[in-house]
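Report on the structure given below.
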Amino acid sequence: MKIIVITGSTRGIGYGLADSFLALGCAVAISGRTPAGVKKAVAALSAKHKPDNVLGHPCDVTQFEQAQALWDAAHTHFGRIDIWINNAGVAHPQLDFWTHPPEQIKAVIETNLIGAMYGSKAALNGMLTQGFGSLYNMEGLGSNGRRVEGLTLYGSAKYGLRYLNQALAQEVKDTPVLVGALRPGMVITDLLTGQYEEGSAEWQRAKRIFNILADRVETVAPWLARQVLANTKNGTLISWLTRGKIMGRFLVAPFRKRDLFE
């Protein structure tokens, strides 16, 4: 049985990953910013899976002490940690960069990039001490260098995360620990859709693209979980929405109508 820690796993893709790993017989430590959110997620997962395999521990990833406390709590409870996934992230409205208030810039960078760094530091120190383990960071729009107008802030954080992943993989190459990256593509969660006002022209345009390229959590998360459990190669990028899949979906879009929001 693998022991998994997932940051930002009280909802969205993080929750879907937790659900998928539990369904595959793993034990999972759930975390999120608020104790109430963690309690709710643990209750839901415990009702569906073996309760002994579910641990909840609040964690604000922008505070290193809390990331370290999450490692300590999970390691004490389960006796080891096999896989750590830095999934916690925040989005922002699609706006020109210079219009974001300073606190928005700070929140996105601290959560999406510095939070992943803090989680990586806690996990790698612990895994090198115990002599094994796998670390994965959740990439996203911008990780491959693609630029989208209005998402400069989010994309910059994810582009930095790609460098972090590649550099960490190089640093651990002669150790018993491996580092990998997850790239889920467009997944219908609040992180993706929350920036739009429902019914607006922007939402209608985005919705057309989402119905071509996006997928639901319950489609993507189980596939990612299986790939993570099967991977034994350092530096691996596990990507759901590949370039070939994108091209194929646009080609068949006129003939295959999807509605992910029905």
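The values are calculated or read from the model by the stated rules, or taken from the named source; none is laboratory data. Treat the numbers as computed from the prediction; the structure is a model and nothing was measured. As a convention, Cβ positions derive from the backbone with ideal geometry for all residues, glycine included, and neighbour counts pool all protein chains shown.
If you go through the range 117-150 and pick out every residue that is under 15 Å from ALA91 (Cα atoms) and either crowded, with 21+ Cβ neighbours inside 10 Å or of a type in the set (Lys, Arg) (or both), you end up with 5. Looking at the structure I just gave you, is ALA91 surrounded by fewer than 19 Cβ atoms within 10 Å (Cβ to Cβ), aliphatic (A, V, I, L, M), under 20 Å from the mean Cα position of the chain (by Cα) and on the phi < 0 side of the Ramachandran plot? Criteria not met by ALA91. Taking the criterion of being over 14 Å from LEU70 (Cβ atoms), part of a loop (DSSP other than H, G, I, E, B) and under 14 Å from the mean Cα position of the chain (by Cα), the only residue of the range 1-32 that qualifies is ARG11. Inspection of the range 33-54 finds a residue satisfying the criterion of being of a type in the set (Ser, Thr, Tyr), part of a loop (DSSP other than H, G, I, E, B) and over 21 Å from ALA225 (Cα atoms).
Yes or no, residue by residue, for (1) surrounded by 16 or more Cβ atoms within 10 Å (Cβ to Cβ); (2) modelled with pLDDT of 95 or more:
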site: ARG11; (1), (2): yes, no
site: TYR15; (1), (2): yes, yes
site: LEU22; (1), (2): yes, yes
site: VAL28; (1), (2): yes, yes
site: PRO35; (1), (2): no, yes
site: PRO51; (1), (2): no, yes
site: LEU55; (1), (2): yes, yes
site: ALA67; (1), (2): yes, yes
site: ALA74; (1), (2): yes, yes
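Selection of first residues in the range 221-236 that are in contact (Cβ under 8 Å) with a residue 24 or more places away in the chain and over 22 Å from LEU22 (Cβ atoms) and of second residues that are part of a loop (DSSP other than H, G, I, E, B) and hydrophobic (A, V, I, L, M, F, W, C), restricted to Cβ pairs under 7 Å at least 6 apart or on distinct chains, gives the following pairs, ordered by first then second residue: ASN234/VAL172. Of everything listed in (1) of a type outside the set (A, V, I, L, M); (2) in contact with a Lys or Arg (Cβ under 8 Å, 6 or more places away or on another chain); (3) assigned to a helix (DSSP H, G or I), the single unmet condition for ARG249 is (2). Considering only residues in the range 206-220 that are part of a helix (DSSP H, G or I) and in contact (Cβ under 8 Å) with a residue 40 or more places away in the chain, the one that is farthest from LEU260 (Cα to Cα) turns out to be VAL220. Note on the range 200-239: among residues that are loosely packed, with under 15 Cβ neighbours inside 10 Å and basic (Lys, Arg), the one that is nearest to VAL148 (Cα to Cα) is ARG205. Being assigned to a loop (DSSP other than H, G, I, E, B), over 21 Å from PRO93 (Cβ atoms) and among the charged types (D, E, K, R): is that true of ARG258 here? Taking the combined requirement at face value, the residue satisfies it. Restricted to the range 56-166, the set of helices (runs of 4 or more DSSP H) holding at least 2 residues that are free of Cβ contacts under 8 Å to residues at least 24 places away in the same chain, over 22 Å from LEU182 (Cβ atoms) and of a type outside the set (A, V, I, L, M, F, W, C) comprises 64-78, 102-109.
Within the range 152-184, being among the small types (Gly, Ala, Ser) and surrounded by fewer than 19 Cβ atoms within 10 Å (Cβ to Cβ) holds for SER156, GLY160, ALA167. A residue that is within 27 Å of LYS121 (Cα to Cα), assigned to a helix (DSSP H, G or I) and at pLDDT 90 or above can be found somewhere in the range 171-181.
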